[in-house]
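*Asks:* I'd like to ask some things about the structure below.
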Amino acid sequence: MSEMLHPGQTIGILGGGQLGRMLAMAAARLGFHTHIYEPGAAPAGEVAGTTTTASYEDTAALEAFARSVDVVTYEFENVPAAALDQIEALVPFRPNRRALAVSQDRLTEKTFLQEIGLQVAPFAPVDAGEPDAAARLAQALAEVGVPAILKTRRLGYDGKGQARIMETHDAQAALDAMAGAEAILEGFVDFEREISVIAARGMDDRIACFEPGENVHKDGILHTTTVPAAIDGETRARAFGIAGTILAALDYVGVLGVELFQTSDGLIVNEIAPRVHNSGHWTEAGAVIDQFEQHIRAVAGWPLVDPVRHSDVVMTNLIGHDLDGVPAIANETGARLHLYGKAEARAGRKMGHVTRVTGPAGDR
Ligand code: AMP
């Protein structure tokens, strides 16, 4: 592995939120320096060697950043293409641009997943800014069926930019909620459970998957991830196969999160995140390596670790004023607390998480 970065070299991270913060801590454990690039407030800045606070349009700052690091990775998918062009011309960028492009747009993502032979919910594009949007939505509803969900193609997260259409007469309100954005209509999947696979691919093409976790959402935001998921061996193998297919098709290097719906017709891919993922936070308390260190290893050209799970765990997100529960959690045995150092506990804001070890790794 001639391309292995050595301790003392610097990993650049685009985005300074909690994911960047956890990546920076993992990088530090392997002896790397980190340099965060973030236009706004950066919880990651507190644990990184260097932080640049500048916009993604600041070409001088981008150039100085790119020249100061040995590889660039990201925790934030919506970095403008021009900034990425500039960075990529100067320094290796991992995971690659294709992974970002595919996952930035729900329509491109669904089309890609279908093209590589994976099952997705039925979908149809609806441009809410077009004068005939209402007619187009009616046609899409006829194709996809009701109930359905209308989602903005770009920039949606934690259930934002989504509107459910339970009956046809909800259509206009859903369209209004898109505020003129390009959108995609998705058929509503009647799932038994939501699971996710956190998977990694190294520079040597090796793929390593963490145990699938079972996710429960509350108000559109991930609430808990329980590991292992209550799935049989066949479903687990299929979930790993899906993750591997995606990683190989994208020639991906790094960690990727794959969200899946388990249905009576098998596994349906909901979405992919080309980065470390909230549903993989459990790994820091339940496996021999966590997703952050695995990602740093991959982008630094190091061999991946076999991500064996040693414990059964439940990860719970601490959102907004859930933070008030910290003194009680601090007293719990077997609870690994992780706080992001954010100053203000606004409603809906991810402030931290707690992973409770429920026992040694058992059978599924
Ligand atoms: P997303 O932002 O696409 O991950 O959606 C957030 C959550 O909304 C998912 O985790 C599901 O719980 C739910 N959801 C999204 N899309 C669908 C769908 N097509 N059918 C049923 N539930 C969905």
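The values are calculated or read from the model by the stated rules, or taken from the named source; none is laboratory data. Quick caveat, the model's predicted, so the values are computed rather than measured. Heads up, the Cβs are rebuilt from the backbone with ideal geometry, glycines too, and the neighbour counts pull from every protein chain shown. The accessibility values were calculated without ligands, DNA or RNA, using every heavy atom of the protein model including side chains. Shrake-Rupley method; radii C 1.70, N 1.55, O 1.52, S 1.80 Å.
*Asks:* In units of 2.2 N^0.38 Å, what is the alpha-carbon radius of gyration of the stretch 72-231?
*Replies:* 1.18
*Asks:* By how many nm would the segment from R206 to R193 grow when fully extended, if each residue of separation counts as 0.36 nm and the alpha-carbon distance is taken off?
*Replies:* 1.8 nm
*Asks:* Strictly over 25 Å apart at the Cα level, which of K110/K350; K160/K350; K151/K342 would you flag in this model?
*Replies:* Result: K110/K350; K151/K342 exceed 25 Å.
*Asks:* A further question follows. For the chain, which DSSP H helices look membrane-span-like by this rule: Cα extent along the axis of 27 Å or more and mean Kyte-Doolittle of at least 1.0?
*Replies:* None pass (Cα extent of 27 Å or more, hydropathy at least 1.0).
*Asks:* Then there is this: Within the stretch 285-310, whose backbone N sits under 19 Å from a point 7 Å along Cα→Cβ of M4?
*Replies:* 289-290, 293-307
*Asks:* Just to confirm, what accessible area per residue do you get for the stretch 1-108 at 1.4 Å probe, in whole Å²?
*Replies:* Each residue of the stretch 1-108 exposes 40 Å² on average to a 1.4 Å probe.
*Asks:* Follow-up. Would you mind computing, in nm to one decimal, how far apart the modelled labels at A330 and E143 are, each placed 7 Å from Cα along Cα→Cβ?
*Replies:* Using points 7 Å along Cα→Cβ, the separation is 5.5 nm.
*Asks:* Then there's this: DSSP loop (so not H, G, I, E, B), at most 14 other Cβ within 10 Å: list which trypsin sites (Lys or Arg not before Pro) in the stretch 136-237 pass both filters.
*Replies:* Listed in order of number, the matching sites are K160, R206.
*Asks:* Could I have the simple spin-label model distance between E130 and R346, label points 7 Å from Cα toward Cβ, reported in nm to one decimal?
*Replies:* 3.4 nm
*Asks:* Further, regarding this structure: Can you pull the percent of the chain's accessible area that's carbon plus sulfur, 1.4 Å probe, other chains left in place?
*Replies:* Answer for the chain: carbon and sulfur cover 50 percent of the accessible area.
*Asks:* Now a separate question. Taking the solvent-accessible surface of protein heavy atoms with a 1.4 Å probe, what is the per residue accessible area of the stretch 122-187 in Å²?
*Replies:* Here the residues of the stretch 122-187 average 51 Å² of exposed surface.
*Asks:* Continuing with the same structure: Mind grabbing the base-10 log of I(q)/I(0) for the chain at q = 0.12 Å⁻¹? Debye formula, identical points on the C-alpha positions, no solvent, two decimal places.
*Replies:* One equal scatterer on each Cα of the chain leads to -0.93.
*Asks:* A follow-up question, please. Name the shape class, rounded, prolate or oblate, that the alpha-carbon gyration tensor gives for the stretch 233-288, where a ≥ b ≥ c are the square roots of its eigenvalues, rounded holds for a/c under 1.5, and otherwise prolate holds if a/b is larger than b/c and oblate otherwise.
*Replies:* Because a/c hits 1.5 or more and a/b fails to exceed b/c, the stretch 233-288 counts as oblate.
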